[in-house]
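Scroll down for the structure; my scribbles are underneath it.
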Amino acid sequence: MNDKQNGRLPPLLLLHPDDNILVARRDIEAGERVEMDGESFVIPAAVELGHKLARRALAANARVLKYGAPIGSMKAAAARGEHVHLHNLRSDYIPSTTRGDSTDGQ
């Protein structure tokens, strides 16, 4: 039974046809099978609502497109369906920080 048949929100959203990432429309569980671009594939790790996933395999240094515009580049390669976030994506425009970063040495 697919998402339309069981009343669940389809898990992935493509914001622009040129994008190489997808947005999670709901929480997606590890191992969940999804469909995009006429193909079915498995999400390797859980992804939360609103997070980005690779639409297709992305190589290290590949430019990442969201809304048809570049938002950064890959620090490391990501397989199709893999989570794209601070651990493997860098901004090409502004410094990125994480919650664990500290500028005061604490």
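Throughout, read-outs are computed from the coordinates displayed, never taken from laboratory work. Not measured: the values here are computed from a predicted model. Backbone-built Cβ (ideal geometry, glycine too); neighbour counts: all protein chains shown.
A few notes on this one:
- Placing dummy labels 7 Å off each Cα toward the beta-carbon, the span from Leu15 to Tyr93 is 1.1 nm.
- Region 3-90, Rg to Rh (Cα coordinates; Rh as Kirkwood inverse mean 1/r): 0.95
- Sorted peptide list for 43-55, 82-94, criterion being average Cβ within 10 angstrom, highest first: 43-55, 82-94
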